[in-house]
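FYI, it's all coordinate maths here, none of it is from the lab. Please read all numbers here as calculations on a predicted model, not as lab measurements. Methodologically, a virtual Cβ is constructed for each residue, glycine included, from the backbone with ideal geometry; neighbour enumeration extends over all protein chains shown.
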Amino acid sequence: MLSESVRILIVEDDPDMAELISDLMEAEGWLPMRASSAEEAASILARETVHLVLVDHNLPGTSGRTFAQRLRAQLNLGIIMVTAAGSAADRVLGLETAADDYVVKPFEPIELTARIKAVLRRTFPSLKPEREIEREYEPASLKLSDWSVDLKRRRAVCATDSTKSLTSAEFSLLEILAEKPNTPVSRAHILDRLGSESERYIDRNVDVLVLRLRRKIERNPDLPRHIKTRRGKGYVLDLDDGESEP
């Protein structure tokens, strides 16, 4: 996973699609900016630092492909074409003329974020992985309902049932959510952070893992106090209903 300092410009004239992509970028901890035309995007690029541009193929005025060609000639940044034009000829032409990669609508969120990460690593190899960045607000321990969780020692103890325990995957999920408490974490981010374990999971299996963790942590899994769902954004560890220690 890459640093939250990553800045991504979304050039998309469909406001619903732009909002969907923007929410996905925010859930990954990136800073999204939006433009509805090539001209508006050029104005933003003139005053802002941008690491990667997501360009819709069919833009009003200057086409996305032409705009991408101009970017390639002028700036060192990542370029991904995001479009409904999915023929092999369109993809090849887009890649040959300017783009680093090509994503066809409709796309899976995990596919888009994976492609963005790959392009960023090639274009900006000096960007540090998020795991190397100090997390100033990540708690060292948690009090969740009947559970006491020591994140540093990877220990979780249930005060009311000593036979209960968390599996390695369940604890890893809790750790991932605790890195950004009270902030939505996307399924794609969870998969990425699970590392080698992610080979055993697909997008919907993250939901199953969350359900398993809720059944152990929450007093009422149907009305969770701590591990909550944010529709369209992912999952959040809500510490307002629990206690944590710095």
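The stretch between residue 14 and residue 212 holds 67.5 nm of extra length on full extension. This uses 0.36 nm per residue minus the Cα-Cα distance.
Sequence-ordered 3J(HN,Hα) estimates for segment 212-227 from the Karplus curve with 6.51, -1.76 and 1.60 and θ = phi - 60° stand at 4, 5, 4, 4, 8, 7, 7, 5, 10, x, 6, 10, x, 9, 10, 9 Hz, glycine and proline given as x.
The label point for residue 124 and the one for residue 161, both projected 7 Å from the Cα toward the Cβ, are 4.6 nm apart. Rounded to whole numbers, the Karplus 3J(HN,Hα) couplings from phi for segment 7-17 are 10, 10, 9, 9, 9, 8, 8, 8, x, 5, 5 Hz, using 6.51 cos²θ - 1.76 cosθ + 1.60 with θ = phi - 60°, and x at Gly and Pro.
Taking θ as phi - 60° and the Karplus parameters 6.51, -1.76 and 1.60, the scalar couplings of segment 230-240 work out to 10, 3, x, 10, x, 10, 9, 8, 8, 8, 5 Hz in sequence order, x denoting glycine and proline. Close amide H pairs (under 5 Å, H built 1.01 Å from N) link residue 141 with 151, 245, residues at least 5 positions away or on another chain.
In this structure, the amide hydrogen of residue 183, modeled 1.01 Å from its nitrogen in the peptide plane, lies closer than 5 angstrom to those of 237, counting only residues at least 5 positions away or on a different chain. The stretch between residue 46 and residue 5 holds 12.9 nm of extra length on full extension. This uses 0.36 nm per residue minus the Cα-Cα distance. Under 5 Å from the amide H of residue 227 lie the amide H atoms of 238, each residue being 5 or more positions distant or on a separate chain, with H modelled from the backbone and absent for Pro and chain starts.
Shape class for segment 1-87, computed from the alpha carbon gyration tensor (a ≥ b ≥ c): oblate, with a/c not under 1.5 and a/b at or below b/c. Each of residue 76 and residue 39 was given a label point 7 Å from its Cα along the Cα-to-Cβ line. The distance between the two points is 3.2 nm.
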